[in-house]
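Take a look at the structure set out below.
The values are calculated or read from the model by the stated rules, or taken from the named source; none is laboratory data. Quantities reported herein were computed from a predicted structural model and do not represent experimental measurements. All Cβ positions, glycine included, derive from the backbone under ideal geometry; neighbour counts span all protein chains shown. The accessibility values were calculated without ligands, DNA or RNA, using every heavy atom of the protein model including side chains. Shrake-Rupley method; radii C 1.70, N 1.55, O 1.52, S 1.80 Å.
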Amino acid sequence: QVQLVESGGGLVQPGGSLRLSCAASGSIFSIGVMGWYRQAPGKQRDLVATITSDSRTNYADSVKGRFIISRDNGKNTVDLQMNSLSPEDTAVYYCYAVIRGGSGRPWNAYWGQGTQVTASS
């Protein structure tokens with residue numbers, strides 16, 4: 001089985017920064033795209049940023065220039081550096097990864113349990 005475990009959420013004042021981390025563990029042969037999504041109360045889960053195994057990145061327009069996604073393929077981790085946070089960034093942030101458990105086995109999508117990020121004074 002595969003697990004994604006997030007860390008780094010919390011409360012920050014508007015304009016502040018937080019760094020989220022996510023570590024994948026378990027039966028992992030290879031990892032494709034990794035990323036972060038977020039869900040605010042009463043809203044759908046939206047893409048924040050993704051990164052491929054060769055480090056190509058994609059960002060939601062609302063976070064471009066403020067958030068930076070990175071990954072360490074050797075450690076099976078993906079991080080999200082969040083700067084200039086605003087109350088509109090308040091949400092539960094979910095780690096996401098597409099993982100293959102063995103050679104010739106199918107790719108499956110996995111989600112972390114979520115971590116709360118709150119930007120408030």
Would you tally the residues in segment 90-121 being closer than 18 Å to Gly8 by Cβ and either in a strand (DSSP E or B) or not polar (S, T, N, Q) (or both)?
15
Say whether the condition of being open to solvent by 20 Å² or more (accessible area, probe 1.4 Å), among the acidic types (Asp, Glu) and more than 16 Å from Val5 (Cα to Cα) is met by at least one residue in segment 50-57.
yes
Determine which member of the set Ser55, Ser70 is assigned to a loop (DSSP other than H, G, I, E, B) and of a type outside the set (D, E, K, R).
Ser55
Quick one: Lys43 ticks every box in (1) more than 14 Å from the chain's Cα centre (by Cα); (2) surrounded by 12 or more Cβ atoms within 10 Å (Cβ to Cβ); (3) at pLDDT 95 or above; (4) not hydroxyl-bearing (Ser, Thr, Tyr) bar one, so which box is it?
(2)
Please determine whether any residue of segment 27-40 is at pLDDT below 95 and small (Gly, Ala, Ser).
yes
Within segment 75-106, count every residue that is over 16 Å from Arg38 (Cβ atoms), in contact (Cβ under 8 Å) with a residue 60 or more places away in the chain and exposed (fewer than 13 other Cβ atoms within 10 Å of the Cβ).
3
With Leu4, Leu20, Leu11 as the choices, which residue is in a strand (DSSP E or B), modelled with pLDDT of 95 or more and open to solvent by 60 Å² or more (accessible area, probe 1.4 Å)?
Leu11
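How many residues does segment 25-36 contain that are open to solvent by 50 Å² or more (accessible area, probe 1.4 Å) and either over 15 Å from Arg71 (Cα atoms) or outside any strand (DSSP E or B) (or both)?
Going through segment 25-36 one residue at a time, the tally reaches 3.
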